[in-house]
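Note sheet for the following structure.
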Amino acid sequence: MEGIHTKKLVEEPGEAAIVREIFDMYEQPDTSYGDITRYYAEKGVQFYGKELIRSMLAQLFEKSGICAG
């Protein structure tokens, strides 16, 4: 496709595992946004160079089509 510029998403295995883990945690009825953010803060995992916060989680779930609230 000459003249057409497209972007391709490339899965990063480590990042993909974290995202899957976040969604698995979210599926648990007793797990709150706070539980998820504390878990990653304790592990020292950063997202875009910052600690994960509730609004970032809400945005992740919103963009994925999951009703977050």
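The values are calculated or read from the model by the stated rules, or taken from the named source; none is laboratory data. Since the model is a prediction, treat every value here as computed from it, not as a measurement. Note that we place each Cβ from the backbone using ideal geometry, even for glycine, and neighbour counts take in every protein chain shown. Just so you know, the surface numbers come from the protein's heavy atoms only, side chains and all, with ligands and any DNA or RNA stripped out. Shrake-Rupley method; radii C 1.70, N 1.55, O 1.52, S 1.80 Å.
Brief remarks on what is shown
- Only one of the listed residues (TYR26, TYR48, TYR40, TYR33) is of a type in the set (Phe, Trp, Tyr) and at positive phi. That residue is TYR48.
- Extreme residue, farthest from SER55 (Cα to Cα), among residues of the range 1-27 that are β-branched (Val, Ile, Thr) and open to solvent by 70 Å² or more (accessible area, probe 1.4 Å): ILE4
- Subset of the range 1-22 that is touching a residue at least 24 places away in the same chain (Cβ under 8 Å) and out of contact with any helix residue (DSSP H, G or I) (no Cβ under 7 Å at 6 or more places or on another chain) - its residue that is nearest to LEU60 (Cα to Cα): VAL19
- The set of residues in the range 35-54 that are touching a helix residue (DSSP H, G or I) at 6+ places or on another chain (Cβ under 9 Å) and not aliphatic (A, V, I, L, M) comprises ASP35, THR37, TYR39, TYR40, GLN46, PHE47, TYR48, LYS50, GLU51, ARG54.
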